[in-house]
Amino acid sequence: MAGSVSYVGALEELWRALKDNYPAMELVGAAGDGWLEEYRPQVRAAGSARDAYSLMDELVCRLSDYHTRLTWPDMPPMAGPPVEVLVVPRKRPAAPASVARELQLRGFAPVPIEMPPPRDEVVAVSRVEGVPGLRPGDLVATIDGVPVEQALASAWRHSCGSSRRARLREACWRMLLGAPGSELRLGVRRGSSEGREVRVRRDGFGSQPNVNVTEASGIPVVRIRGWGDSPGKPLVAEVDAILERYRNSLGIVFDVRGNGGGDDDLADQVTGRFLSHPVVSSVSFHRRVPSLDYERTTEWAKPRGPWRFEGRAAVLTDEACRSACEHFVSGMAEAGALLCGSSTDGACGWIRPVELSGGARLYVSRTLPLHTGGVPSPMLGIVPHLWLPPTLPDLRAGRDAALTNAVEWVRSDAPLPARPLARYDGE
(Lines give C-alpha, C1' and ligand atoms only; values in the text may rest on other atoms or scores of the structure.)
Protein backbone atom coordinates (compact mmCIF):
# COMPACT_ATOMS: atom_id res chain seq x y z
CA MET A 1 0.00 0.00 0.00
CA ALA A 2 1.60 3.26 -1.09
CA GLY A 3 0.40 6.83 -0.66
CA SER A 4 -2.08 8.48 1.66
CA VAL A 5 -4.97 7.97 -0.78
CA SER A 6 -4.44 4.19 -0.59
CA TYR A 7 -4.30 4.39 3.21
CA VAL A 8 -7.63 6.19 3.26
CA GLY A 9 -9.06 3.66 0.81
CA ALA A 10 -8.01 0.85 3.15
CA LEU A 11 -9.64 2.65 6.07
CA GLU A 12 -12.91 3.04 4.16
CA GLU A 13 -12.85 -0.62 3.12
CA LEU A 14 -12.29 -1.64 6.76
CA TRP A 15 -15.17 0.55 7.89
CA ARG A 16 -17.52 -0.99 5.32
CA ALA A 17 -16.50 -4.47 6.45
CA LEU A 18 -17.29 -3.61 10.06
CA LYS A 19 -20.67 -2.09 9.21
CA ASP A 20 -21.58 -5.03 6.94
CA ASN A 21 -20.65 -7.73 9.47
CA TYR A 22 -20.55 -6.57 13.09
CA PRO A 23 -23.75 -7.44 14.96
CA ALA A 24 -24.37 -4.09 16.66
CA MET A 25 -22.02 -1.16 16.04
CA GLU A 26 -24.41 1.14 17.91
CA LEU A 27 -23.96 -0.91 21.09
CA VAL A 28 -20.58 0.76 21.62
CA GLY A 29 -21.45 4.19 20.33
CA ALA A 30 -20.39 3.71 16.70
CA ALA A 31 -23.60 5.01 15.13
CA GLY A 32 -23.31 6.62 11.71
CA ASP A 33 -19.87 7.31 10.20
CA GLY A 34 -18.47 9.44 13.01
CA TRP A 35 -15.52 7.17 13.71
CA LEU A 36 -14.64 6.98 10.01
CA GLU A 37 -14.58 10.76 9.73
CA GLU A 38 -12.54 11.02 12.92
CA TYR A 39 -9.82 8.70 11.63
CA ARG A 40 -9.80 9.74 7.98
CA PRO A 41 -7.49 12.79 8.41
CA GLN A 42 -5.22 10.87 10.77
CA VAL A 43 -4.81 8.00 8.32
CA ARG A 44 -4.34 10.43 5.44
CA ALA A 45 -1.43 12.01 7.34
CA ALA A 46 0.18 8.63 8.14
CA GLY A 47 3.75 8.46 6.89
CA SER A 48 3.89 4.69 6.46
CA ALA A 49 1.74 1.60 6.15
CA ARG A 50 2.72 0.67 9.68
CA ASP A 51 1.42 3.98 11.04
CA ALA A 52 -1.77 3.76 8.97
CA TYR A 53 -2.57 0.22 10.05
CA SER A 54 -1.79 1.11 13.65
CA LEU A 55 -4.48 3.79 13.49
CA MET A 56 -6.92 1.35 11.92
CA ASP A 57 -6.14 -1.16 14.67
CA GLU A 58 -6.90 1.52 17.23
CA LEU A 59 -10.29 2.11 15.60
CA VAL A 60 -11.14 -1.61 15.69
CA CYS A 61 -10.11 -1.84 19.34
CA ARG A 62 -12.64 0.86 20.20
CA LEU A 63 -15.31 -1.82 19.73
CA SER A 64 -13.91 -3.34 22.95
CA ASP A 65 -14.43 -6.79 21.43
CA TYR A 66 -11.47 -9.17 21.66
CA HIS A 67 -13.05 -11.38 18.95
CA THR A 68 -12.87 -8.53 16.45
CA ARG A 69 -9.29 -7.76 15.45
CA LEU A 70 -7.30 -6.55 12.44
CA THR A 71 -4.20 -8.17 11.01
CA TRP A 72 -2.04 -6.84 8.18
CA PRO A 73 1.11 -7.73 6.23
CA ASP A 74 4.45 -7.33 7.94
CA MET A 75 2.96 -7.38 11.45
CA PRO A 76 6.03 -8.18 13.56
CA PRO A 77 5.87 -11.35 15.67
CA MET A 78 5.51 -10.54 19.35
CA ALA A 79 6.21 -12.42 22.58
CA GLY A 80 6.02 -11.66 26.26
CA PRO A 81 8.30 -12.41 29.22
CA PRO A 82 7.65 -14.92 32.03
CA VAL A 83 6.23 -12.01 34.01
CA GLU A 84 2.64 -10.85 34.46
CA VAL A 85 1.69 -7.42 35.75
CA LEU A 86 -1.68 -6.02 36.76
CA VAL A 87 -3.20 -2.70 37.74
CA VAL A 88 -4.32 -3.41 41.31
CA PRO A 89 -5.89 -1.28 44.05
CA ARG A 90 -4.03 -0.54 47.25
CA LYS A 91 -7.01 -1.86 49.19
CA ARG A 92 -10.09 -3.94 48.44
CA PRO A 93 -12.50 -1.93 46.24
CA ALA A 94 -16.24 -1.95 46.73
CA ALA A 95 -18.25 -3.94 44.24
CA PRO A 96 -20.01 -1.95 41.52
CA ALA A 97 -23.42 -0.82 42.77
CA SER A 98 -25.41 -2.67 40.11
CA VAL A 99 -25.37 -3.65 36.50
CA ALA A 100 -28.41 -1.48 35.98
CA ARG A 101 -26.57 1.57 37.27
CA GLU A 102 -23.45 0.74 35.26
CA LEU A 103 -25.46 0.47 32.05
CA GLN A 104 -27.28 3.72 32.80
CA LEU A 105 -23.98 5.52 33.28
CA ARG A 106 -22.41 4.09 30.15
CA GLY A 107 -25.36 4.17 27.77
CA PHE A 108 -24.50 3.36 24.17
CA ALA A 109 -21.03 4.82 24.45
CA PRO A 110 -17.57 3.43 23.69
CA VAL A 111 -14.89 2.77 26.25
CA PRO A 112 -12.82 6.01 26.30
CA ILE A 113 -10.06 6.10 23.70
CA GLU A 114 -7.76 7.68 26.27
CA MET A 115 -6.95 5.64 29.36
CA PRO A 116 -8.96 6.86 32.38
CA PRO A 117 -7.02 8.24 35.35
CA PRO A 118 -5.95 5.80 38.11
CA ARG A 119 -8.14 5.18 41.15
CA ASP A 120 -5.65 4.74 43.99
CA GLU A 121 -4.10 1.92 41.95
CA VAL A 122 -0.60 0.77 41.13
CA VAL A 123 0.99 -1.39 38.45
CA ALA A 124 2.49 -4.41 40.18
CA VAL A 125 3.99 -7.78 39.35
CA SER A 126 1.28 -10.40 39.86
CA ARG A 127 3.08 -13.52 38.61
CA VAL A 128 6.68 -14.32 37.78
CA GLU A 129 8.57 -17.43 36.79
CA GLY A 130 12.30 -17.93 37.20
CA VAL A 131 13.39 -14.27 37.31
CA PRO A 132 15.82 -13.61 40.18
CA GLY A 133 15.14 -10.46 42.15
CA LEU A 134 11.51 -10.18 41.07
CA ARG A 135 8.45 -11.26 43.01
CA PRO A 136 4.69 -10.58 43.19
CA GLY A 137 3.89 -7.20 44.67
CA ASP A 138 6.93 -5.41 43.23
CA LEU A 139 5.85 -2.06 41.83
CA VAL A 140 6.56 -1.40 38.15
CA ALA A 141 7.98 2.02 37.31
CA THR A 142 9.31 1.74 33.74
CA ILE A 143 9.02 -0.51 30.68
CA ASP A 144 12.18 -0.40 28.53
CA GLY A 145 12.94 3.01 30.02
CA VAL A 146 9.46 4.41 29.36
CA PRO A 147 7.40 5.48 32.40
CA VAL A 148 4.85 2.77 33.07
CA GLU A 149 1.92 5.21 32.92
CA GLN A 150 2.98 6.21 29.40
CA ALA A 151 3.54 2.62 28.27
CA LEU A 152 0.18 1.56 29.68
CA ALA A 153 -1.68 4.47 28.08
CA SER A 154 -0.16 3.63 24.69
CA ALA A 155 -1.08 -0.06 25.03
CA TRP A 156 -4.62 0.89 26.13
CA ARG A 157 -5.35 2.30 22.66
CA HIS A 158 -4.65 -1.12 21.11
CA SER A 159 -6.34 -3.26 23.77
CA CYS A 160 -9.86 -4.63 24.10
CA GLY A 161 -12.11 -5.25 27.07
CA SER A 162 -15.77 -4.97 28.01
CA SER A 163 -14.89 -2.98 31.13
CA ARG A 164 -12.18 -0.65 32.34
CA ARG A 165 -10.64 -3.47 34.39
CA ALA A 166 -10.64 -5.89 31.46
CA ARG A 167 -9.07 -3.40 29.08
CA LEU A 168 -6.42 -2.45 31.64
CA ARG A 169 -5.55 -6.11 32.04
CA GLU A 170 -4.96 -6.57 28.31
CA ALA A 171 -3.00 -3.32 28.18
CA CYS A 172 -0.75 -4.62 30.99
CA TRP A 173 -0.02 -7.71 28.91
CA ARG A 174 0.41 -5.78 25.67
CA MET A 175 2.90 -3.25 27.01
CA LEU A 176 5.34 -6.07 27.87
CA LEU A 177 5.39 -7.51 24.33
CA GLY A 178 8.34 -7.30 21.99
CA ALA A 179 10.30 -9.33 19.47
CA PRO A 180 10.57 -13.00 20.53
CA GLY A 181 13.73 -13.56 22.53
CA SER A 182 14.42 -9.85 22.94
CA GLU A 183 15.31 -8.35 26.30
CA LEU A 184 12.76 -6.48 28.40
CA ARG A 185 14.09 -3.90 30.83
CA LEU A 186 11.69 -3.71 33.73
CA GLY A 187 12.14 -0.89 36.23
CA VAL A 188 10.75 -1.98 39.61
CA ARG A 189 10.89 -1.16 43.28
CA ARG A 190 9.87 -2.97 46.43
CA GLY A 191 8.32 -1.07 49.29
CA SER A 192 10.33 2.05 50.08
CA SER A 193 13.53 0.73 48.52
CA GLU A 194 15.18 2.48 45.61
CA GLY A 195 14.22 1.43 42.11
CA ARG A 196 16.25 -1.09 40.17
CA GLU A 197 16.18 -2.52 36.67
CA VAL A 198 15.52 -6.19 36.03
CA ARG A 199 16.35 -7.64 32.61
CA VAL A 200 14.34 -10.58 31.35
CA ARG A 201 14.02 -12.32 27.99
CA ARG A 202 10.72 -12.32 26.15
CA ASP A 203 10.36 -16.09 25.91
CA GLY A 204 7.10 -16.64 27.79
CA PHE A 205 6.18 -18.83 30.72
CA GLY A 206 7.19 -22.46 30.80
CA SER A 207 4.74 -25.11 29.63
CA GLN A 208 2.09 -26.09 32.16
CA PRO A 209 -0.61 -28.77 32.09
CA ASN A 210 -3.94 -27.61 30.75
CA VAL A 211 -5.76 -29.36 33.59
CA ASN A 212 -4.39 -30.02 37.04
CA VAL A 213 -5.81 -30.48 40.52
CA THR A 214 -4.59 -29.40 43.95
CA GLU A 215 -6.32 -29.29 47.32
CA ALA A 216 -7.18 -26.42 49.66
CA SER A 217 -8.50 -27.35 53.11
CA GLY A 218 -9.46 -30.73 51.72
CA ILE A 219 -11.39 -29.29 48.76
CA PRO A 220 -10.20 -30.13 45.24
CA VAL A 221 -9.25 -27.09 43.16
CA VAL A 222 -9.28 -27.85 39.44
CA ARG A 223 -7.25 -25.47 37.31
CA ILE A 224 -8.33 -25.32 33.64
CA ARG A 225 -6.20 -23.04 31.46
CA GLY A 226 -8.07 -23.42 28.18
CA TRP A 227 -11.11 -25.19 26.74
CA GLY A 228 -9.22 -27.51 24.42
CA ASP A 229 -7.72 -31.00 24.45
CA SER A 230 -4.02 -31.54 25.07
CA PRO A 231 -2.13 -34.16 23.00
CA GLY A 232 -3.18 -37.54 24.39
CA LYS A 233 -5.20 -35.88 27.17
CA PRO A 234 -8.82 -35.15 26.28
CA LEU A 235 -9.99 -32.38 28.59
CA VAL A 236 -13.37 -33.91 29.46
CA ALA A 237 -11.78 -37.26 30.30
CA GLU A 238 -9.27 -35.52 32.57
CA VAL A 239 -12.01 -33.66 34.44
CA ASP A 240 -14.15 -36.82 34.67
CA ALA A 241 -11.26 -38.67 36.29
CA ILE A 242 -10.90 -35.87 38.85
CA LEU A 243 -14.62 -35.94 39.61
CA GLU A 244 -14.46 -39.71 40.09
CA ARG A 245 -11.52 -39.32 42.47
CA TYR A 246 -13.33 -36.70 44.54
CA ARG A 247 -16.85 -38.04 44.14
CA ASN A 248 -17.50 -37.99 47.91
CA SER A 249 -15.96 -34.56 48.53
CA LEU A 250 -18.04 -31.78 50.06
CA GLY A 251 -17.54 -29.91 46.82
CA ILE A 252 -15.13 -28.63 44.23
CA VAL A 253 -13.62 -25.36 43.01
CA PHE A 254 -12.86 -24.66 39.36
CA ASP A 255 -10.16 -22.05 38.80
CA VAL A 256 -10.61 -20.67 35.28
CA ARG A 257 -8.96 -17.31 35.86
CA GLY A 258 -6.91 -16.37 32.81
CA ASN A 259 -8.72 -18.95 30.65
CA GLY A 260 -9.11 -17.38 27.21
CA GLY A 261 -11.63 -19.86 25.81
CA GLY A 262 -11.68 -22.64 23.23
CA ASP A 263 -14.50 -25.10 22.55
CA ASP A 264 -17.98 -24.31 23.92
CA ASP A 265 -18.99 -27.96 23.65
CA LEU A 266 -16.18 -29.10 25.97
CA ALA A 267 -17.26 -26.49 28.49
CA ASP A 268 -20.88 -27.70 28.30
CA GLN A 269 -19.80 -31.31 28.79
CA VAL A 270 -18.01 -30.43 32.03
CA THR A 271 -21.00 -28.39 33.20
CA GLY A 272 -23.22 -31.38 32.42
CA ARG A 273 -21.71 -33.40 35.28
CA PHE A 274 -23.33 -30.95 37.74
CA LEU A 275 -26.81 -30.87 36.22
CA SER A 276 -30.09 -32.62 36.99
CA HIS A 277 -31.81 -30.84 34.09
CA PRO A 278 -30.73 -28.84 31.02
CA VAL A 279 -29.72 -25.21 31.54
CA VAL A 280 -29.08 -22.36 29.13
CA SER A 281 -25.38 -21.51 28.76
CA SER A 282 -25.80 -18.75 26.17
CA VAL A 283 -28.37 -17.11 23.94
CA SER A 284 -26.98 -15.67 20.71
CA PHE A 285 -28.40 -13.34 18.08
CA HIS A 286 -26.67 -14.08 14.76
CA ARG A 287 -26.60 -11.32 12.18
CA ARG A 288 -27.57 -12.55 8.71
CA VAL A 289 -24.80 -10.73 6.87
CA PRO A 290 -25.07 -8.30 5.16
CA SER A 291 -28.68 -7.65 6.24
CA LEU A 292 -29.73 -6.32 9.63
CA ASP A 293 -31.89 -9.37 10.29
CA TYR A 294 -30.97 -11.70 13.14
CA GLU A 295 -31.47 -15.37 13.96
CA ARG A 296 -31.65 -16.41 17.59
CA THR A 297 -30.06 -19.62 18.87
CA THR A 298 -29.98 -21.05 22.38
CA GLU A 299 -27.01 -23.09 23.57
CA TRP A 300 -27.85 -25.64 26.27
CA ALA A 301 -25.74 -27.60 28.72
CA LYS A 302 -27.37 -30.99 29.34
CA PRO A 303 -26.94 -33.57 32.13
CA ARG A 304 -24.14 -36.02 31.39
CA GLY A 305 -23.51 -39.24 33.29
CA PRO A 306 -22.78 -41.76 34.36
CA TRP A 307 -23.54 -39.93 37.62
CA ARG A 308 -23.99 -36.38 38.85
CA PHE A 309 -21.50 -34.65 41.13
CA GLU A 310 -23.61 -33.84 44.19
CA GLY A 311 -21.21 -31.63 46.13
CA ARG A 312 -21.11 -27.86 46.00
CA ALA A 313 -19.28 -26.11 43.18
CA ALA A 314 -17.55 -22.76 42.96
CA VAL A 315 -15.86 -21.07 40.00
CA LEU A 316 -13.03 -18.52 40.28
CA THR A 317 -13.27 -15.81 37.61
CA ASP A 318 -11.46 -12.72 36.42
CA GLU A 319 -11.22 -10.30 33.48
CA ALA A 320 -9.16 -12.77 31.45
CA CYS A 321 -12.05 -15.28 31.28
CA ARG A 322 -13.11 -15.02 27.67
CA SER A 323 -15.16 -16.68 24.93
CA ALA A 324 -15.85 -20.37 25.72
CA CYS A 325 -14.74 -19.72 29.27
CA GLU A 326 -17.59 -17.23 29.69
CA HIS A 327 -19.86 -19.92 28.26
CA PHE A 328 -18.67 -22.27 31.04
CA VAL A 329 -19.04 -19.63 33.76
CA SER A 330 -22.56 -18.87 32.54
CA GLY A 331 -23.59 -22.53 32.49
CA MET A 332 -22.11 -23.25 35.93
CA ALA A 333 -23.89 -20.21 37.39
CA GLU A 334 -27.16 -21.59 36.02
CA ALA A 335 -26.22 -24.95 37.58
CA GLY A 336 -26.04 -23.26 41.00
CA ALA A 337 -22.29 -22.71 41.35
CA LEU A 338 -20.83 -19.83 43.32
CA LEU A 339 -18.87 -17.33 41.21
CA CYS A 340 -16.01 -15.70 43.07
CA GLY A 341 -13.37 -13.16 42.00
CA SER A 342 -14.05 -10.42 39.47
CA SER A 343 -16.09 -10.03 36.29
CA THR A 344 -15.36 -11.93 33.10
CA ASP A 345 -14.54 -10.07 29.87
CA GLY A 346 -17.54 -10.02 27.55
CA ALA A 347 -17.53 -9.82 23.77
CA CYS A 348 -19.61 -10.65 20.74
CA GLY A 349 -18.77 -13.94 19.06
CA TRP A 350 -18.78 -16.44 16.17
CA ILE A 351 -15.83 -14.95 14.30
CA ARG A 352 -15.82 -14.49 10.54
CA PRO A 353 -12.63 -13.62 8.60
CA VAL A 354 -13.02 -10.89 5.98
CA GLU A 355 -10.20 -10.50 3.44
CA LEU A 356 -9.25 -6.88 2.76
CA SER A 357 -7.11 -5.27 0.08
CA GLY A 358 -3.35 -5.36 0.43
CA GLY A 359 -3.31 -8.60 2.40
CA ALA A 360 -5.05 -7.25 5.51
CA ARG A 361 -7.67 -9.36 7.24
CA LEU A 362 -10.47 -8.45 9.63
CA TYR A 363 -11.64 -11.06 12.09
CA VAL A 364 -15.12 -9.87 13.01
CA SER A 365 -17.80 -11.10 15.40
CA ARG A 366 -21.19 -12.00 13.97
CA THR A 367 -23.30 -12.63 17.08
CA LEU A 368 -24.57 -10.72 20.07
CA PRO A 369 -24.65 -13.12 23.06
CA LEU A 370 -26.49 -13.04 26.35
CA HIS A 371 -25.29 -15.00 29.35
CA THR A 372 -26.56 -15.88 32.82
CA GLY A 373 -29.04 -13.37 34.21
CA GLY A 374 -29.79 -11.98 30.75
CA VAL A 375 -26.95 -9.46 30.94
CA PRO A 376 -25.54 -8.42 27.53
CA SER A 377 -22.08 -9.94 27.84
CA PRO A 378 -20.40 -7.60 25.31
CA MET A 379 -20.98 -4.65 27.63
CA LEU A 380 -20.10 -5.98 31.08
CA GLY A 381 -19.16 -9.64 31.15
CA ILE A 382 -20.48 -11.89 33.94
CA VAL A 383 -20.27 -10.56 37.48
CA PRO A 384 -19.55 -12.86 40.43
CA HIS A 385 -21.51 -13.50 43.60
CA LEU A 386 -18.46 -12.53 45.66
CA TRP A 387 -16.45 -9.55 44.39
CA LEU A 388 -12.83 -10.29 45.36
CA PRO A 389 -10.28 -8.93 42.85
CA PRO A 390 -6.65 -9.06 43.99
CA THR A 391 -5.10 -6.13 45.83
CA LEU A 392 -1.51 -5.02 46.34
CA PRO A 393 -1.44 -6.41 49.92
CA ASP A 394 -2.78 -9.74 48.57
CA LEU A 395 0.05 -10.00 46.03
CA ARG A 396 2.71 -9.18 48.61
CA ALA A 397 1.32 -11.65 51.13
CA GLY A 398 0.78 -14.43 48.59
CA ARG A 399 -2.88 -14.36 49.53
CA ASP A 400 -5.67 -15.57 47.22
CA ALA A 401 -8.84 -14.07 48.71
CA ALA A 402 -11.08 -15.43 45.94
CA LEU A 403 -9.88 -19.00 46.48
CA THR A 404 -10.07 -18.75 50.28
CA ASN A 405 -13.64 -17.46 50.23
CA ALA A 406 -14.74 -19.98 47.61
CA VAL A 407 -13.36 -22.88 49.66
CA GLU A 408 -15.00 -21.54 52.82
CA TRP A 409 -18.36 -21.40 51.04
CA VAL A 410 -17.98 -24.91 49.62
CA ARG A 411 -17.20 -26.28 53.09
CA SER A 412 -20.13 -24.43 54.69
CA ASP A 413 -23.89 -24.83 54.53
CA ALA A 414 -24.40 -21.15 53.75
CA PRO A 415 -26.92 -20.44 50.99
CA LEU A 416 -25.80 -19.18 47.61
CA PRO A 417 -25.43 -15.39 47.97
CA ALA A 418 -27.76 -13.17 46.01
CA ARG A 419 -26.15 -11.86 42.85
CA PRO A 420 -27.81 -8.44 42.54
CA LEU A 421 -25.12 -7.29 40.12
CA ALA A 422 -26.60 -9.59 37.50
CA ARG A 423 -30.14 -8.24 37.63
CA TYR A 424 -31.71 -5.08 36.28
CA ASP A 425 -33.14 -4.21 39.67
CA GLY A 426 -31.49 -0.86 40.39
CA GLU A 427 -29.42 -0.11 43.44
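If you count, for each residue, the other Cβ atoms within 10 Å and average over each peptide, how do 176-183, 400-407, 336-343 line up from highest to lowest?
On the way: 176-183: 14.9, 400-407: 21.6, 336-343: 25.6.
The most tightly packed comes first, giving 336-343, 400-407, 176-183.
Across the chain, Cα pairs under 8 Å and at least six residues apart give a relative contact order of 19 percent. Return the percentage of antiparallel bridges among DSSP beta bridges fully within segment 212-364, rounded to the nearest 5 %. Given both bridge residues lie in segment 212-364, the antiparallel proportion sits at roughly 60 percent.
Quick one: accessible area per residue over segment 141-227, 1.4 Å probe, rounded to a whole number of Å²?
Per-residue value: 44 Å².
Anisotropy class assigned to segment 271-383 is prolate, per the alpha carbon gyration tensor with a/c at or over the 1.5 cut-off and a/b larger than b/c. A 1.4 Å probe run over the protein chains yields, for segment 250-304, 46 Å² of accessible area per residue, whole-number rounding. Determine the distance separating the Cα centre of segment 257-294 from the Cα centre of segment 1-76; give it in Å without decimals. Answer, in whole Å: 29. Computed in the context of the full set of protein chains, the accessible area of the chain at 1.4 Å probe radius has 52% of its extent on carbon or sulfur.
Is the shape of the chain rounded, prolate or oblate, going by the alpha carbon gyration tensor and its root eigenvalues a ≥ b ≥ c, with a/c under 1.5 for rounded and a/b larger than b/c for prolate? Since a/c reaches 1.5 but b/c is at least a/b, the shape of the chain is classed as oblate.
Using only the Cα atoms of segment 229-322, build the gyration tensor, take square roots of its eigenvalues as a ≥ b ≥ c, and label the shape rounded, prolate or oblate: rounded if a/c is under 1.5, else prolate if a/b is larger than b/c, else oblate. Cα axes put segment 229-322 in the prolate bin. Cβ distances below 4.7 Å define possible disulfide partners, and in the chain the cysteines left without one are Cys61, Cys160, Cys172, Cys340, Cys348.
Using the per-residue mean of other Cβ atoms lying within 10 Å as a proxy for protection, in what order, highest first, do the peptides 65-73, 327-335, 195-203 fall?
Details: 65-73: 20.0, 327-335: 26.9, 195-203: 15.2.
Final packing ranking: 327-335, 65-73, 195-203.
I'd like to compare 356-367, 260-271, 142-153: which one has the highest average count of other Cβ atoms within 10 Å, and what's the full order after that? Write out the running numbers ahead of the final one.
Values: 356-367: 18.6, 260-271: 21.6, 142-153: 16.2.
The peptides rank, most packed first, as 260-271, 356-367, 142-153.
Give me the aspartates and glutamates in straight-line cross-link reach of Lys233: C-alpha distance below 17 Å, same-chain residues under 8 apart excluded. The reachable aspartates and glutamates, counting only those whose Cα sits under 17 Å from Lys233, are Glu244, Asp263, Asp265.
The values are calculated or read from the model by the stated rules, or taken from the named source; none is laboratory data. Please read these numbers as outputs of a predicted model, since none were measured by experiment. Reconstructed Cβ throughout: ideal geometry from the backbone, glycine too, with neighbour counts over all protein chains shown. Just the protein is used for accessible areas: all its heavy atoms, side chains included, with ligands, DNA and RNA removed. Shrake-Rupley method; radii C 1.70, N 1.55, O 1.52, S 1.80 Å.
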